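Structure first, then comments.
The values are calculated or read from the model by the stated rules, or taken from the named source; none is laboratory data. Because the structure is a prediction, the values reported are computed rather than measured. So basically every Cβ, Gly included, is an ideal-geometry build from the backbone, and we count neighbours across all protein chains shown. In case anyone asks, the SASA skips ligands and DNA or RNA and just uses the protein heavy atoms, side chains included. Shrake-Rupley method; radii C 1.70, N 1.55, O 1.52, S 1.80 Å.
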Amino acid sequence: PDPHRLGVWLHGIGGSGKTTLAKLLFNRLAPHFQHSAFIELQHDVRIGNQQLGDLLGQLGVESNRHASATGLLSMLDKYVCNKAVLVVVDNVWTSEHLDQLLPRRFGPGSRVIITSRSSEVTSSWWQQMGQQMKQTAVAGLSSEAATKLFHESANLDLGYCMPSMQLREAEQKLLYACKGLPLALELTGRLLRCASAMRLSLQSWLVGRKPSKHCCITRMLLTPKGDCKAS
């Protein structure tokens, strides 16, 4: 690794996999550091004693819960200035998140990973530390990877309810709508899995039952185009 590089700034739209990538990097790198921390932020959070105390605690520092946020940040700055630490801050929304949470000095060998939806940084922390950080855009998955993730998430065979051509057309439309975003692909696949399970349960329930003029609605649920005629 570059000794002059402190870390990376991962940016991209929501659902692009920034958090997943950050967790993967953290899990792989953490065993090589004696002190490490992973902090997840909410968009409306105000950095205070809780977040700073959590960061200090994960790094192995006991802090006074009654200390001010300024005092905790000063304690953090003094602690990490001569130690190699790994710090991940996920989901940075505002400049204040950086200015009020991260120290200005890190010991040799330290690594910092930041994720955000924005690539525009105006914080004073970035102005001081930005030259040591590398910005990396997290793009959507390739067509092949997106299709594979979609199939794994759906985990079903839709062929029983629609012709193969219709299935392929529907799949391509869904894949196009998801734009290669891992979160969208997973959620869409899981929704299809749930819908398939409901349809199969209804089919099983109807097995052996006599046809009735009142079963048109249920037959419509089991017919792809809903072309059901009352008897």
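Structure note, pairs K18/K179; K18/K83; K18/K78: Cα-Cα distances above 24 angstrom occur for K18/K83; K18/K78. Between C81 and D44, the FRET efficiency from the beta-carbon distance, with R0 = 41 Å, is close to 0.85.
Rounded, prolate or oblate for the range 21-118? Axes are the square roots of the Cα gyration tensor eigenvalues, ordered a ≥ b ≥ c, and the cut-off for rounded is a/c under 1.5. It is oblate, given that a/c is not under 1.5 and a/b is not larger than b/c. A simple spin-label model places the labels of K173 and T147 1.9 nm from each other, with each point 7 Å out along Cα-to-Cβ. For F38, the accessible area of its heavy atoms, probed at 1.4 Å with every protein chain present, is near 30 square angstrom. Counting only protein chain heavy atoms and rolling a 1.4 Å probe, the accessible areas of T20, T188, T94 rank, largest first, as T20, T94, T188.
For V88, nonlocal amide neighbours, meaning residues 5 or more places apart or on other chains whose placed amide H falls under 5 Å from its own, are A37, F38, I39, I113.
Fully extending the segment from T136 to L183, taken as 0.36 nm per residue of separation minus the present Cα-Cα distance, adds 15.0 nm. With both labels modelled 7 Å from their Cα along Cα-to-Cβ, the E96 to Q127 distance reads 1.8 nm.
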